[in-house]
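Read through the structure below, which is laid out as structure tokens, and then see the notes.
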Ligand code: AR6
């Protein structure tokens, strides 16, 4: 899909192998590592990533922080903290939208033109996958329409084919 100057793709795979300028980490508020994609990113980046994360003092849900990528192919990691799904009445949708928006704003502030997102909050944090895909697609689309020349390439990287299909379907449902 093309939006303005940006190519936008959904891929199945391991985000730690992405050679975009930035990859996004689905972190927790401590920013000190964890399981899932967070654990994979810390393992692949090496201990220097944790050392830099320790200097950041954590991150509130819905916000984002940036570090270097160290041993990753990506030069930077944007750490964002998704909401834990608690039934949908605790601002989970707004907070998930905020993760995508904050990550793109941070990338733009650093002049980063290619960025890969995982399916934030859809693992341990249990956000319903289809709805999460719809929110991710809507927010990224709105940001690209508002800033049509700022990004060259946006990737959604899903770990399994069924998730990729949900994100692809969400992109297809976007208005022209
Ligand atoms: N590449 C791409 N996607 C991945 C990878 C990978 N290497 N590994 C897992 N996924 P999760 P959350 C997918 O649980 O729900 C951590 O412990 C996975 O299939 O990693 O936001 C943090 O420290 C799922 O679709 O993140 C937090 O405590 C998606 O990434 C907590 O988990 C997100 O799953 C955050 O939970």
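Details
- P(r), alpha carbons of the chain - 5 Å bins starting at zero, rounded %: 1, 9, 19, 23, 23, 15, 7, 2, 0
- FRET efficiency for residue 152 and residue 51, using Cβ-Cβ distance with R0 set to 45 Å, rounded to 0.05: 0.90
- For the stretch 150-167 versus the stretch 79-133, the gap between their alpha-carbon centres in whole angstrom: 13 Å
- Rounded to the nearest 500, the helix-only mean residue ellipticity at 222 nm of the chain stands at -12000 deg cm²/dmol, with each DSSP H run of n ≥ 4 adding -39,500 (n - 2.57).
- Förster radius 35 Å - calculated FRET efficiency between residue 176 and residue 91, Cβ distance, rounded to 0.05: 0.70
- Take every pair of alpha-carbon atoms less than 8 Å apart whose residues are at least six positions apart; their mean separation over the length of the chain yields a relative contact order of 31 percent.
- Peptides 94-102, 24-32, ordered by how many other C-beta atoms sit within 10 Å of their residues on average, highest first, read 24-32, 94-102.
- Sorted fewest first by neighbouring Cβ atoms within 10 angstrom, 154, 2, 139, 105 come out as 2, 105, 139, 154.
Just so you know, all these numbers are worked out from the coordinates, no wet-lab data involved. These numbers were taken from a predicted model, which means no experiment stands behind them. Here Cβ is always computed from backbone atoms with ideal geometry, including for glycine, and neighbour counts include all displayed protein chains.
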